[in-house]
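Each remark here refers to the structure printed beneath this line.
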Amino acid sequence: MAFTALTDPFSINVEKDGMEYDAIVTYGNLNDCSSNLFEVSIMKPAGISPFHLKEKPTLNPDYDYMVWVDELNRVTLLYQLIGVEIEKYMRKNLGIFLIDAPLSNDIDVTENTDRDS
């Protein structure tokens, strides 16, 4: 799949349970996909294949909160760690907030939101 970059790459770093991850992230588009994605290349530790995250966290029926998923809607802990760092970078450096949907699958939250409309 060919990837077309829409921005310059940026670096992120995250540490979890004594494991450090360094990644290069580029926002762009897969040529055979109609939506934009983040291309993530893990530089450290070695051996992790590059992957693509959807451009923002999404609601997933298996979780009670929004999660980061790849282009095939898979969820992993690594995606969550990297996604949170992408969010922080975008908010701090570009003033972009990525969340634009409900924060929970909680039915009461949905019902209350519907009543307020």
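We did not get these values from a lab; they are worked out from the coordinates using the rules stated. This is a predicted model, so every value here is computed, not measured. Every residue, glycine among them, receives a Cβ derived from its backbone with ideal geometry; neighbour counts consider all protein chains shown.
Residue separation of residue 31 and residue 84 scaled by 0.36 nm, minus their Cα-Cα distance, works out to 16.5 nm of gained length. Within the range 72-99, whose backbone N sits under 11 Å from a point 7 Å along Cα→Cβ of residue 63? Within reach of a label on residue 63: 74-84. Given their separation in residues at 0.36 nm each and the Cα-Cα distance between them, residue 71 and residue 17 gain 16.8 nm when the chain is fully extended.
Panel order for 85, 15, by other beta carbons found within 10 Å of each beta carbon, from fewest to most: 15, 85.
In terms of packing, defined here as the mean over residues of other Cβ atoms within 10 angstrom, the peptides 38-45, 61-68, 23-30 line up highest first as 23-30, 38-45, 61-68.
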